[in-house]
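Peer 1: Below: one structure in structure tokens.
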Amino acid sequence: MSDTASSLPGGLERVWEPLRERSRSKRSLLLMLPLVAFELLIFLAPFLILLRISVAEGASASAFAEGTWSLGAYANVFTSDLFRSIVVYSFLMGLAVTVITVAVALLYAYAIWRAEGLIKSALLFSVVLPLLTTLVIKTYAFVPLLAPSGTLNDVLLSLNLISSPLQIVPGTAGVIVGQVYIVLPYAVLAIYSVMATMDWGIVEAARDLGASRPRSFLEVVVPQAMPGIIVGAVVSFAWSVGAYAAPALLGGGRDQTFAIQVEEQMLTGFRWPTATALSVVMILAMVVSVALLFAALNRFGGEFEYA
Amino acid sequence: MHRETVENVAFRAGYLSIMACLLLPLVVVVVTSFSASGQLAFPPENYSLVWYREFFASDLWLQAFDNSIVVGFGTTALATTLGVTAAFGQELDDGRLGSLLAPLVLLPLLIPPVILGITLLVYFNEIGLRATYTSIILAHALWATPLVYFVMRSVFSRFDWQQLDAARDLGAGPISSFAHVVLPNVKHGIFVGALLAFIVSLQEFVMALFLSSHGTRTIPVLAWSELRQSLDPMVSVVSTFLILISLLALALATLATNLEWVSKQLS
């Protein structure tokens, strides 16, 4: 970028360059300022208020007692059996969805990477279109497909593969299917964008040296795609732990995620300190587990690389 | 040799069945929208356009459609302005504030939308913006801006900045050099970013669920509340329109650049 300046006569350059840099940097600050202000006002400031409400006392007549301080809501969150089971359910569901999603996404991203021409476009298209479709539709489409009187059960019954309808929706299996469908495109694209930069020659070399296809995939492709796998896993996990639509629509009474509970506490129960404390705890737990996931997968990838 | 063939067939069957699973729910939605009965079944027994007629006769749905469009355009305008200017500024900057910006902009995408929804609900109550279009637009911009921002970062990183320096050295002011040198080179990127922002806003419903009122609720919000009462093919009709809009946007974005590039921007 300084090429044009260096063509100036020697003495002038020394004066011109710092001036130019300074004005450029100020102007760039000015350009970034609107976005910074927006994030501060619409993202960070609201979170400070959320934090404040979570340490207020509850009140019977209103959402919370203004001006009071109390850790009651947090004590409530940590001691309640209901909240414990909700948090456990959210995390286990998130974990199951993440494992399934990453496995399927790896295979699919690999297929996109290897495909050419029309097939490649078709594979990419089938990922991007669901990505641009609303959660409401994505989850609701599974009801006629997986319900006891739905298409899948009809087919299985008429083929005599099962004697009575499978209970998928409403139920935990349905929640997992729906949630995998929601996060799969993100994971596929995250992994694919890393694979696209990889060199096919290395895989070929491994095969020439005698590695089988599955082995060359697991030991050459997977470790190299690790950065994409990590991003895919983190996104799948964060979105599934915080899931609202799939559990609410496809789950049964026992499929209570914390997002559903937060909504209930907030809008039905009108207990804002409890709802906000639950949110804060959940965000912190998520940050910690995402960091752990990062570390674990990084290590896993590192080991593979030197194997 | 034989084993390789088996592996190839298994691999092909694997990814083709995943592709089928990815598209099947969308096919279900479109097909059930042509159902003649009030029952949601796939495949329907009889086909008709009765639910489409119903849609165009319904003030409720048409109002929600208008709301979605207003919120969508508002979000697009805001997110595109914020994203493009910030990405441009960061390109000129040597990266002190800029390195903080990316994580700050990305963070809202990882916070569960229910939490963002209640947080903003409390906040907008406090500052008196409750149940206005503005509140939904601001919330959706939290999600749409990162998309525009990262699309533009990638577009600007491919732009040859010496062209801008050259224009400046030849005496062009900051605005005219941007308009005549930078803009023509990045306008496809801006268009794709804006399109994605619009789609994000059109499809988002959890935050809108918390922030909208009777008069401002968007299509997905109305679909959600209708779904919880009864399952009839009307939601399929509405969903088919939303899928069509996404298809159109995807086609436009692909024309402006290409599918591969668009897909990478989304990850």
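Peer 1: Is it fair to say A:T79 is more than 9 Å from chain B (Cβ to nearest Cβ) and in contact (Cβ under 8 Å) with a residue 40 or more places away in the chain?
Peer 2: In short, no.
Peer 1: B:F241 is checked against (1) touching a helix residue (DSSP H, G or I) at 6+ places or on another chain (Cβ under 9 Å); (2) within 30 Å of A:E264 (Cβ to Cβ) and fails just one. What number does that condition carry?
Peer 2: It is condition (2) that B:F241 fails.
Peer 1: Is it the case that B:S201 is part of a helix (DSSP H, G or I), open to solvent by less than 10 Å² (accessible area, probe 1.4 Å) and more than 9 Å from chain A (Cβ to nearest Cβ)?
Peer 2: Spelling it out, B:S201 is indeed part of a helix (DSSP H, G or I), open to solvent by less than 10 Å² (accessible area, probe 1.4 Å) and more than 9 Å from chain A (Cβ to nearest Cβ).
Peer 1: Looking only at residues that are free of Cβ contacts under 8 Å to residues at least 60 places away in the same chain, β-branched (V, I, T) and assigned to a helix (DSSP H, G or I) in segment A:129-154, which one is least open to solvent (accessible area, probe 1.4 Å)?
Peer 2: A:I137
Peer 1: Let me ask something additional. Looking only at segment A:240-252, filter to residues that are in contact (Cβ under 8 Å) with a residue 60 or more places away in the chain and open to solvent by 10 Å² or more (accessible area, probe 1.4 Å); which one of those is nearest to the other protein chains (Cβ to nearest Cβ)?
Peer 2: Checked segment A:240-252; the qualifying residue nearest to the other protein chains (Cβ to nearest Cβ) is A:L249.
Peer 1: Let me ask something else. Name, by its number, the condition in (1) modelled with pLDDT of 90 or more; (2) open to solvent by less than 10 Å² (accessible area, probe 1.4 Å); (3) over 16 Å from the mean Cα position of the chain (by Cα); (4) under 19 Å from A:F47 (Cβ atoms) that does not hold for A:V280.
Peer 2: That leaves (2) as the condition not met.
Peer 1: Within segment A:117-127, does at least one residue satisfy the condition of being within 26 Å of B:S263 (Cβ to Cβ), in a loop (DSSP other than H, G, I, E, B) and open to solvent by less than 60 Å² (accessible area, probe 1.4 Å)?
Peer 2: no
Peer 1: Could you check, for segment A:288-300, whether at least one of its residues is within 11 Å of chain B (Cβ to nearest Cβ) and modelled with pLDDT under 90?
Peer 2: Within segment A:288-300 (the criterion being within 11 Å of chain B (Cβ to nearest Cβ) and modelled with pLDDT under 90), the answer is yes, since at least one residue qualifies.
Peer 1: Let me spell it out: the conditions are (1) under 25 Å from B:R12 (Cβ atoms); (2) in contact with a Lys or Arg (Cβ under 9 Å, 6 or more places away or on another chain); (3) away from chain B (no Cβ under 12 Å), and A:L161 meets all of them except one. Which number is the exception?
Peer 2: The failed condition is (2).
Peer 1: I need the full set of residues from segment B:59-83 which are more than 9 Å from chain A (Cβ to nearest Cβ), touching a residue at least 12 places away in the same chain (Cβ under 8 Å) and open to solvent by less than 60 Å² (accessible area, probe 1.4 Å), in order please.
Peer 2: B:W61, B:A64, B:N67, B:S68, B:V71, B:G72, B:G74, B:T75, B:T76, B:A79, B:T80 - these are the residues of segment B:59-83 that are more than 9 Å from chain A (Cβ to nearest Cβ), touching a residue at least 12 places away in the same chain (Cβ under 8 Å) and open to solvent by less than 60 Å² (accessible area, probe 1.4 Å).
Peer 1: A follow-up question, please. Consider segment A:65-116. How many of its residues are closer than 30 Å to B:A13 by Cβ and in a helix (DSSP H, G or I)?
Peer 2: Within segment A:65-116, residues that are closer than 30 Å to B:A13 by Cβ and in a helix (DSSP H, G or I) number 22.
Peer 1: Identify all residues within segment B:122-145 that are more than 8 Å from chain A (Cβ to nearest Cβ) and buried (at least 22 other Cβ atoms within 10 Å of the Cβ); write none if there are none.
Peer 2: B:F124, B:S135, B:I136, B:I137, B:H140, B:A144, listed by residue number.
The values are calculated or read from the model by the stated rules, or taken from the named source; none is laboratory data. Note that this is a predicted model, so its numbers are computed, not measured. Quick reminder, even Gly has a Cβ in these numbers, built from the backbone with ideal geometry, and neighbours come from all protein chains shown. To get the accessible areas, we keep the full protein, side chains included, count just its heavy atoms, and leave off ligands, DNA and RNA. Shrake-Rupley method; radii C 1.70, N 1.55, O 1.52, S 1.80 Å.
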